1. Of the residues D115, D133, which single one is assigned by TED's automatic domain parsing to the domain that holds E84 and more than 25 Å from L208 (Cβ to Cβ)?
2. All but one of (1) at pLDDT 95 or above; (2) out of contact with any Asp or Glu (no Cβ under 9 Å at 6 or more places or on another chain) hold for G236; state the number of the condition that does not hold.
3. Which pairs do you get when a residue that is modelled with pLDDT of 90 or more and among the β-branched types (V, I, T), found in segment 206-226, comes within reach of a residue that is crowded, with 18+ Cβ neighbours inside 10 Å and assigned to a loop (DSSP other than H, G, I, E, B), reach meaning Cβ atoms under 6 angstrom, with the pair 6+ apart or on two chains?
4. Which of the residues spanning segment 255-270 are farther than 18 Å from E107 by Cα and surrounded by fewer than 15 Cβ atoms within 10 Å (Cβ to Cβ)?
5. Can you spot a residue in segment 107-115 that is of a type in the set (D, E) and under 21 Å from A207 (Cα atoms)?
6. Does any residue of segment 159-181 turn out to be touching a Pro at 6+ places or on another chain (Cβ under 6 Å) and either at pLDDT 90 or above or of a type in the set (S, T, Y) (or both)?
7. Hey, among E191, E241, which residue is within 24 Å of Q73 (Cβ to Cβ), in the same structural domain as T100 (by TED's automatic domain parsing), acidic (D, E) and modelled with pLDDT under 95?
8. State whether one or more residues within segment 222-235 are of a type in the set (F, W, Y) and not in a loop (DSSP other than H, G, I, E, B).
Amino acid sequence: MIRGAALLAEGVAALRAAQLDGAATDARILLAHALGIPRDRLTLALQDDMPAKVQARFHKAIAARAAHQPVAQIVGRRAFYGREFIVTPDVLDPRPDTETLIEAALEQPFTRFLDLGTGSGAIALTLLAERPDAQGVAVDLSQAALDVAARNAKALGCAARATVQCSDWFSAVQGRFDLIVSNPPYIGTPELEGLAPDVRVYEPRMALVPDHDDGTGLAAYRLICAQAAAYLAPNGWLMVEIGHKQGNAVQELFRAAGLADIALRYDLSGHPRVVMGRAAV
């Protein structure tokens, strides 16, 4: 029988041999997952003998991570804005950078909003959780992603206020909104091969690279900006997450769409992360 501390050390060594950053943190998360305990209780279990089933689950998880599968996919969950979201290979793994979009949205008044390309529902459901009087429409072209979003809505107690529906951007959307948010695919095709395997191999391509990409990654922004005015209420806001080199180009698209008060928001690393603009009255 092997104790938890020794098993953990084995996992850390395996992940370091695979040249993965954050090996120690990842191994701790995966051991807590194998044990079925909260991560903050792992230290208390490290002197315990590890049952064979736990060892097998841990070794399987370590092997998956050594092959660059994201930790969130392996454990099936990701923390985002203080809440846990179900994550599968069908959705983009919610990232801390996207919390910049949440912060910008919560600075504005809104009671009805639209989330384009919702994926796991992390953006839409966070906004609903933070604004108990709000109603949200969350759309995606992927039914598998919508199934994950619906599960998250139920788990977070937001299902009654969330309309989760299949739509190719605005194609099935009706009405006007105080706020439209989106974290669309914005990776240009030439950039794809340079991404880490964690992203390039394991995350859904349609959430990374826009359809009809011309190499710039801007195709989704062009479509959103061209159509958003028809769905924004007077003084409603459009806010989109961007790649850190796309700030100027996306601001130009906002200007061409006739939006006002256009601004950039920066993430915690100091990179441009959100472009926002307001509809005319």
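1. D133
2. Failed condition: (2).
3. If the second residue must be crowded, with 18+ Cβ neighbours inside 10 Å and assigned to a loop (DSSP other than H, G, I, E, B), the pairs left are V209/P185; V209/I187; T216/G188.
4. Across segment 255-270, the qualifying residues are R255, A256, G258, S269, G270.
5. yes
6. For segment 159-181, residues touching a Pro at 6+ places or on another chain (Cβ under 6 Å) and either at pLDDT 90 or above or of a type in the set (S, T, Y) (or both): absent.
7. Selected residue: E191, the only one of E191, E241 that is within 24 Å of Q73 (Cβ to Cβ), in the same structural domain as T100 (by TED's automatic domain parsing), acidic (D, E) and modelled with pLDDT under 95.
8. no
The values are calculated or read from the model by the stated rules, or taken from the named source; none is laboratory data. Bear in mind the structure is a predicted one, so any value in this text is a computation, not a measurement. Backbone-built Cβ (ideal geometry, glycine too); neighbour counts: all protein chains shown.
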